[in-house]
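> Quick one: structure below, then a few questions.
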Amino acid sequence: MSSTSLPESQTPTTPTPGSDASATGPLTTDGLVQLLDHEGRRVANPTYDALVAHLDADDLRAMYRDMVLVRRFDTEATALQRQGELALFAQALGQEAAQIGSGHALAPQDHVFPSYREHGVAHTRGVDLTDVLRLFRGVDHGGWDPVAHGFHLYTLVIGSHTLHATGYAMGVQRDGDVGTGDPTRDTAVVAYFGDGATSQGDVSEALVFAAVNEAPVVFFCQNNQWAISEPTTNQSTVPLANRAPGFGIPAVRVDGNDVLASYAVTQEALQRARSGGGPTFIEAFTYRMGAHTTSDDPSRYRSSEQEEHWRRRDPIDRLRTYLEQLGQLPTSFLDQLDAEADALGERIRTTVRAMGRPSPASMFEHVYATPHAVVESERAWFERYEASFLDAQHGEGSAR
């Protein structure tokens with residue numbers, strides 16, 4: 001950390017991250033925790049100011065760097081898919097603050113269960129972003145060691161991993177790694193999912209189990225307002241976070257384009273979980289600036305005016321403006337970051353194009369931790385199926 005101290009926050013102002021200040025229901029901006037407004041001005045919050053008071057200019061530049069690099073990753077991966085190098089890609093464009101802010105709040109021993117666009121969180125957990133693309137290129141089930149990074153493999157089945165996270169958290173609790181007072185031992189679990197997942201039964205079941213068992217799990221919902229083409233307003237008549245208290249779980253809504261606020265609310269929830277205080281539900285209100293995946297065309301279901309509104313609330317621009325106002329964003333840092341981003345882009349392109357073609361039979365490997373009769377039966381069938389083509393080719397050759 002640098003010795004440079006940051007100035008005190010300004011007088012509280014009314015948060016305005018939403019597309020309509022008068023919006024109600026699930027799109028209301030009332031009650032959102034916000035520490036940086038959409039113009040990059042520091043907003044005072046008596047509850048959460050203390051949780052970011054230790055962050056200095058070096059810490060904020062580290063968050064800014066991570067956000068910029070993850071966006072470059074998004075840009076390169078999208079281009080590679082368009083060039084036919086990836087089968088599919090799910091962008092996190094516009095959601096960098098929610099992911100980097102919350103990711104920086106995690107402790108080394110914490111464990112994350114992501115969905116499939118948590119590239120920013122993966123980056124904060126030390127996952128090589130090129131390994132993330134092994135899944136999207138179709139050469140690996142995942143691409144990294146979940147134990148080594150405290151970051152589980154991506155989950156494509158919507159909402160199912162919230163149950164996995166809750167079960168893991170219950171195991172942590174039973175192992176005695178909660179509420180010991182040892183900051184290097186006490187462990188929390190985080191499940192990341194989108195607004196669409198809250199309509200799945202698995203999420204409700206996970207909330208039930210987490211609540212009654214006081215599991216040390218944080219449910220982090222990135223409400224980017226679109227479940228593919230389905231708006232949040234078709235999924236709920238109230239803010240999504242309002243569902244959690246019905247299960248007995250405390251909830252908080254945060255401006256997901258504010259990296260400081262995302263860090264603060266996650267830090268609070270993690271501290272509660274690690275100390276034995278049970279689960280928390282966080283709704284990070286943000287916006288998916290890109291398509292749902294590269295097979296999606298968002299122009300068919302949302303307006304360019306709405307997209308432009310959210311471009312003006314870009315989470316990276318917001319933090320950059322704040323750092324510039326502080327005089328803590330020197331040209332040397334920006335030049336070095338540009339060079340680092342260019343090098344990352346080149347490494348992504350080179351690495352992806354060099355990924356070899358796996359054996360088709362490798363799809364049967366690592367499905368379960370131990371041998372499984374059904375998988376072995378399917379493997380044997382597949383090997384016979386492939387061999388039948390070779391037998392047919394040999395038969396044609398001998399007939400000639």
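> What 222 nm value per residue comes from the helices of the chain, counting each DSSP H run with n ≥ 4 as -39,500 (n - 2.57) and dividing by all residues, nearest 500 deg cm²/dmol?
Value at 222 nm, helices only, nearest 500: -14000 deg cm²/dmol.
> I've got another one for you. Kindly write out, for segment 117-123 in residue order, the coupling ³J(HN,Hα) from the Karplus curve 6.51 cos²θ - 1.76 cosθ + 1.60 (θ = phi - 60°), rounded to whole Hz, with x marking Gly and Pro.
These are the phi-based 3J(HN,Hα) values: 10, 8, 5, x, 5, 4, 4 Hz.
> Given the options Gly278, Gly126, Gly194, which has the most mean-square fluctuation in a GNM of the chain, springs set between C-alpha atoms less than 10 angstrom apart?
Between Gly278, Gly126, Gly194, it is Gly126 that shows the largest mean-square fluctuation.
> Of Glu365, Glu96, which has the most accessible area with a 1.4 Å probe, and how do the rest follow in descending order? Working shown, then result.
On the way: Glu365 80, Glu96 5 Å².
Correct descending sequence by accessible area is Glu365, Glu96.
> Pick out which of Met355, Met170, Met67 has the largest mean-square fluctuation in a Gaussian network model of the chain, springs linking Cα atoms closer than 10 Å.
Met355
> To continue, here is another question. Could you give log10 I(q)/I(0) at q = 0.13, 0.14, 0.27, 0.33 Å⁻¹ for segment 322-369, computed by the Debye formula over C-alpha point scatterers of equal weight, without solvent?
For segment 322-369 at q = 0.13, 0.14, 0.27, 0.33 Å⁻¹, log10 I(q)/I(0) is -0.59, -0.62, -0.94, -1.08.
> Of all the C-alpha pairs in segment 178-277, what % are more than 16 Å from each other?
Values: 2934 of 4950 pairs.
So the pairs more than 16 Å apart make up 59 percent of the total in segment 178-277.
> Computed from these coordinates, which is Rg/Rh (Cα atoms, Kirkwood Rh): [x] 1.01; [y] 0.96; [z] 0.98?
It is the one labelled [x].
> Next up: Using heavy-atom solvent-accessible surface (probe 1.4 Å) with all chains present, what is the largest-first order of Ser295, Ser275, Ser236? Mind showing how you got there, number by number?
On the way: Ser295 100, Ser275 75, Ser236 10 Å².
Descending order: Ser295, Ser275, Ser236.
> Continuing with this model, one more query. Find the Rg to Rh ratio for segment 66-209, where Rh is the Kirkwood radius over alpha-carbon pairs and Rg uses the same atoms.
Ratio of gyration radius to Kirkwood radius: 0.98.
> I'd like the orientation of helix 315-326 relative to the chain: the angle between its Cα long axis and the longest Cα principal axis, in ° from 0 to 90, rounded to 10.
Helix 315-326 sits roughly 40 degrees off the main axis of the chain.
> What accessible area, in Å² to the nearest ten, does a 1.4 Å probe give for His372?
60 Å²
> Keeping every protein chain in place, order Glu376, Glu307 by accessible area at 1.4 Å, biggest value first, i.e. largest first.
Glu376, Glu307
> Have a look at the DSSP beta bridges in the chain and tell me what percent are antiparallel, nearest 5.
Here the antiparallel bridges make up roughly 10 percent for the chain.
> Next question. Below 8 Å between Cα atoms, with a sequence gap of 6+, how large is the relative contact order for segment 192-318 in percent?
31 percent
> Nearest 10 degrees is fine. How inclined is helix 160-174 to the longest principal axis of the chain, computing both from alpha carbons?
For helix 160-174, the angle is close to 70 degrees.
> Given a 1.4 angstrom probe, I'd like the percentage of the accessible area of the chain that is carbon and sulfur, rounded to a whole number.
Working: 9000 of 17640 Å².
Carbon plus sulfur share of accessible area: 51 percent.
> Still on this model: What does the charge add up to near Ser199, with Lys and Arg as +1, Asp and Glu as -1, over the other residues with Cβ less than 15 Å from its Cβ?
Computed value for this residue: -4.
> Using a Gaussian network model of the chain whose springs link C-alpha atoms within less than 10 Å, name the residue from Arg313, Arg300, Arg243 with the highest mean-square fluctuation.
It is Arg300.
> Let me have the relative contact order for the chain, percent, based on Cα pairs under 8 Å that are six or more residues apart. Don't skip to the end; give the middle numbers.
Values: 699 pairs, mean separation 88.9, N = 400.
About 22 percent, as a whole number.
The values are calculated or read from the model by the stated rules, or taken from the named source; none is laboratory data. Because the structure is a prediction, the values reported are computed rather than measured. All Cβ positions, even for glycine, are placed from backbone atoms using ideal geometry, and neighbour counts span all protein chains on display. Areas reflect the complete protein model, heavy atoms only, side chains present, ligands, DNA and RNA absent. Shrake-Rupley method; radii C 1.70, N 1.55, O 1.52, S 1.80 Å.
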